[in-house]
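A short worksheet on the structure shown next.
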Amino acid sequence: EPEVTQTPSHQVTQMGQEVILRCVPISNHLYFYWYRQILGQKVEFLVSFYNNEISEKSEIFDDQFSVERPDGSNFTLKIRSTKLEDSAMYFCASSEPAPRQYFGPGTRLTVT
Amino acid sequence: DQQVKQNSPSLSVQEGRISILNCDYTNSMFDYFLWYKKYPAEGPTFLISISSIKDKNEDGRFTVFLNKSAKHLSLHIVPSQPGDSAVYFCAATTWEGGSEKLVFGKGTKLTVNP
């Protein structure tokens, strides 16, 4: 079965630094998403992306966050100035025009 | 605002027996429900789903039941196997054909003992 891939698997960064989390969605999917899961809490929606623009974003997705599809295969999440509370697992997902979303393995972001 | 609730953080069952995982929701606009399974250090993996126009969907050992009037759904695993041990997330969406978000519950950790 096709898979969503994410790199890196683990990113350690200092507070205030910029990080870019990368994702390669499933190739024929049109809809892309980022979610995060803070340790011990539920998976939370951050943003959805379609046709090269944001479809919906949550209140978590403030001006420090941005998403981009720089080419035909990658989908990135940038955090401009990381805070301690940004430490979490970040999951990329993609979907066809269907409710089922396919998730990547996640990137564990640790902000020190 | 917990729109999707999984009130049991953990469940332990014996191999071969039935596992029943429960989920409640508050938003009556939700019209599609999904169950995902998650192993440590992996992303959520889709298990089974159900549309709000149905009350049951079955796939092998997994069956999901939906009670719209009670805003409740449950996942039945029969027979349970040790490999089923994972965290199970209930998710819901108001799917309109595009990129609608999934709203997740907090998850239930299932342990199936040999």
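For this structure, a couple of remarks:
- Restricting segment A:4-29 to residues that are open to solvent by less than 60 Å² (accessible area, probe 1.4 Å) and assigned to a loop (DSSP other than H, G, I, E, B), the residue that is farthest from A:Asn51 (Cα to Cα): A:Gly16
- Taken over segment A:35-63, the residue count meeting the criterion of being open to solvent by less than 70 Å² (accessible area, probe 1.4 Å), polar (S, T, N, Q) and under 26 Å from B:Ala41 (Cα atoms) is 3.
- From B:Ile77, B:Ile48, residue being of a type in the set (A, V, I, L, M) and more than 27 Å from A:Ser9 (Cα to Cα): B:Ile77
- B:Ser74 being away from every other protein chain (no Cβ under 14 Å) and not in a loop (DSSP other than H, G, I, E, B): yes
- The single condition from (1) modelled with pLDDT under 95; (2) closer than 30 Å to B:Asp31 by Cα that A:Tyr90 fails is (1).
- Cβ-Cβ under 7 Å pairs, at least 6 apart or on other chains, segment B:88-114 side open to solvent by 50 Å² or more (accessible area, probe 1.4 Å), far side among the aliphatic types (A, V, I, L, M): B:Lys109/B:Val87
- Segment A:30-42, residues that are more than 10 Å from chain B (Cβ to nearest Cβ), part of a strand (DSSP E or B) and either farther than 13 Å from A:Thr110 by Cα or at pLDDT below 95 (or both): A:Trp34
- Among residues of segment B:28-55, those that are under 15 Å from B:Lys71 (Cβ atoms), outside any strand (DSSP E or B) and facing chain A (nearest Cβ under 7 Å), counted: 0
- Filtering segment B:29-48 for residues that are open to solvent by 50 Å² or more (accessible area, probe 1.4 Å), hydrophobic (A, V, I, L, M, F, W, C) and free of Cβ contacts under 8 Å to residues at least 12 places away in the same chain leaves a non-empty set.
- Filtered residues of segment A:89-101 (kept if more than 7 Å from chain B (Cβ to nearest Cβ), buried (at least 22 other Cβ atoms within 10 Å of the Cβ) and either assigned to a loop (DSSP other than H, G, I, E, B) or more than 11 Å from the chain's Cα centre (by Cα) (or both)): A:Ser95
- Top-ranked residue of segment A:43-56 - restricted to ones that are without any contact (Cβ under 8 Å) to a residue 24 or more places away in the chain, assigned to a strand (DSSP E or B) and more than 12 Å from the chain's Cα centre (by Cα), ranked as nearest to B:Ala91 (Cα to Cα): A:Glu56
- Selection status of B:Lys68, among the charged types (D, E, K, R), open to solvent by 70 Å² or more (accessible area, probe 1.4 Å) and in contact with a Gly (Cβ under 9 Å, 6 or more places away or on another chain): no
The values are calculated or read from the model by the stated rules, or taken from the named source; none is laboratory data. As the structure is a computational prediction, the values presented were derived from the model and not from experiment. In this analysis, Cβ positions are derived from the backbone assuming ideal geometry, glycine residues included, and neighbour counts consider all displayed protein chains. Calculation scope for accessible area: heavy atoms of the full protein, side chains included, ligands and nucleic acids excluded. Shrake-Rupley method; radii C 1.70, N 1.55, O 1.52, S 1.80 Å.
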